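Please read through the structure below; I'll follow up with questions.
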Amino acid sequence: MRKWQVYVYPVLTGVLSVVLYYLLRTAQDAPFDWPIPTVLFISLTGAQFFLYRRAYYKQFES
């Protein structure tokens, strides 16, 4: 794992999850409210950032 992957992949996953949420809401003709995607983005990005960073530093431990 490279250092840039630790910072790019979690944000990319968060953005893609918000886009998917937007597409699902508009397919149902439901209103799009920002609080749910904001919490979704922050929680997914934060959790993945923590896991990716832990995996990155763990590969150097011997």
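The values are calculated or read from the model by the stated rules, or taken from the named source; none is laboratory data. What you see is a predicted model; the values in this text were computed from it and never measured. As a convention, Cβ positions derive from the backbone with ideal geometry for all residues, glycine included, and neighbour counts pool all protein chains shown. In case anyone asks, the SASA skips ligands and DNA or RNA and just uses the protein heavy atoms, side chains included. Shrake-Rupley method; radii C 1.70, N 1.55, O 1.52, S 1.80 Å.
Give the ranking of SER43, SER17 by solvent-accessible surface, highest area first, calculated with a 1.4 Å probe.
Per-residue accessible area, sorted high to low, gives SER43, SER17.
Follow-up. Would you mind checking the tilt of helix 3-27 against the longest principal axis of the Cα atoms of the chain, expressed as 0 to 90 degrees and rounded to 10?
Computed tilt is about 10 degrees.
Hey, another quick one. What distance in nm lies between label points placed 7 Å from Cα along the C-beta direction at TYR57 and TYR7?
Taking the simple label geometry, TYR57 and TYR7 are separated by 1.7 nm.
State to the nearest 20 debye the size of the charge dipole of the chain about its Cα centre, where the only charges are +1 on K and R beta carbons and -1 on D and E beta carbons. Spell out each step's value before the answer.
Details: 6 positive and 3 negative charges, 81 e Å.
In total the dipole reaches around 380 debye.
Relative contact order of the chain: what whole-number percent is it, with Cα pairs under 8 angstrom and at least 6 residues apart?
Values: 34 pairs, mean separation 31.0, N = 62.
Relative CO of the chain lands at 50 percent.
Within the chain, what's the longest run with no chymotrypsin sites (Phe, Trp or Tyr not before Pro) in a DSSP loop and at most 12 other beta-carbon atoms within 10 Å? Give the range, please. Walk me through the intermediate numbers first.
Numbers: sites that count: PHE32, PHE60.
No qualifying site falls inside 1-31, the longest such stretch.
How much of the accessible area of the chain, in percent, comes from carbon and sulfur atoms when a 1.4 Å probe is used?
On the chain, the fraction of accessible area on carbon and sulfur atoms equals 68 percent.
Given a 1.4 Å probe, how much area per residue of the chain is accessible, in Å²?
Values: 4820 Å² over 62 residues.
Averaged over the residues of the chain, the accessible area is 78 Å².
What do you get for Rg/Rh over the chain if you use C-alpha atoms and the Kirkwood form of Rh?
1.16
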